[in-house]
Amino acid sequence: MTYATVMVSLALDQPNDSRLQVAGELAERFEAAIVGVAAVHFAPPLYFADGAAAQGLIDQEEASVKRRLADLEAQFRAATRNRSGRVEWRGAMDFPARFVLAQARCADIVVSGGQSPAFSDAFALASPKDLVMQAGRPLLVVPDRINWLDLRGVLVAWKDTAEARRAVADALPMLRKARDVAIVEIPEQDDDRSAVMARVSDVAAWLARHGVTATARVPEAAGHETAAIQLEKIAGDVGAGLIVAGAYGHSRFRELILGGVTQYLVTQSARCVLLSR
């Protein structure tokens, strides 16, 4: 398995440099095509005017939005100017999440920026929360402070679920290029540690048969710390530049609700995170 097409989702009025840098580097490493994608939904504002005057103001606003979308394309073109492989741009006047989710069908992996817990504009960016739950492709979340994909150390956050199994399989191309890989499961208070160690050891053995050397690690249960905080501390201890994890959540009244660890990894992690649903 490899990545033949890397897609990067750009956002209006948000920093895009980090995700462009990492997406370009990922495409170079795997000699993959790179596709830039962005959309903006234009919602005509309400004006206390009528007739031609109101229509003129609406036309001005729509033209401004189209120019900003064109600016995103120009930023993508500039970032990929020196690439020797295939480069493609896909932009539209549409709801960003809807458009990016549809375009993800052509990609092996989607690169997105991270997101703070604050409200985000659904008219201007495709939230990584939406992408990770609905894209059907692995999502690489790149925090704004990151300027390269550090694969010297990778932490696999294991949980014995379909999502975690899918994430490890989706991450295989990166894991094969990593120097150190650690498989970690955070035990629950009542877990049998020997059973937990058997699970992560199975994952390490599976990876070994795919050419990846990995160590299995089960930390002591820390009841006063969340699993997300424990993972972040272990990632720091092992020098991980990438965390690989399954994504968990559900839909309630059409609103996507992420699990605690997934929410943290999407919005607050200081390092790149590969998530699969």
Worksheet item: By how many degrees, 0 to 90 and rounded to 10, does the Cα axis of helix 17-29 deviate from the longest principal axis of the chain?
Response: 60
Worksheet item: What's log10 of I(q)/I(0) for the chain at q = 0.11, 0.15 Å⁻¹, Debye sum over Cα points only, no solvent?
Response: -0.64, -1.08
Fill in: Charge dipole (the chain, unit charges on Cβ, about Cα centre) - positive-most of 24, 96, 197
24
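Treating only the Cβ atoms of Lys and Arg (+1) and Asp and Glu (-1) as charged, compute the dipole magnitude of the chain about its Cα centre; round to the nearest 20 debye.
Values: 31 positive and 33 negative charges, 170 e Å.
The calculated dipole for the chain is roughly 820 debye.
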Worksheet item: In what order do 206, 148, 158 fall by count of nearby beta-carbon atoms within 10 Å, going from fewest to most?
Response: 148, 206, 158
Worksheet item: Using helices alone, what [θ] at 222 nm do you get for the chain, with -39,500 (n - 2.57) per DSSP H run of 4 or more residues, divided over all residues and rounded to the nearest 500?
Response: -12000 deg cm²/dmol
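Please state the relative contact order of the chain as a whole percent: Cα pairs under 8 Å, 6+ residues apart?
Reported as a whole number, the value is 22 percent.
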Worksheet entry | R0 of 22 Å, Cβ-Cβ distance residue 71-residue 98: FRET efficiency to nearest 0.05 | 0.55
Worksheet item: Nearest 10 degrees, 0 to 90: what angle lies between the long axis of helix 193-208 and the longest principal axis of the chain (Cα atoms)?
Response: 70
Practice prompt. Could you please rank 154, 22, placing first whichever residue has the fewest other Cβ atoms within 10 Å of its Cβ?
Written response: 22, 154
Worksheet entry | Positive-end residue of 206, 157, 264, charge dipole of the chain with Cβ unit charges | 206
Worksheet item: Mind checking which of 24, 260, 153 has the largest fluctuation in a GNM of the chain, springs on alpha carbons under 10 Å?
Response: 260
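Bear in mind these aren't lab numbers, they're just calculated from the coordinates by the rules spelled out. In this text, all values refer to a predicted model and were calculated from it rather than measured experimentally. Virtual Cβ from ideal backbone geometry, glycine too; neighbours counted across all protein chains shown.
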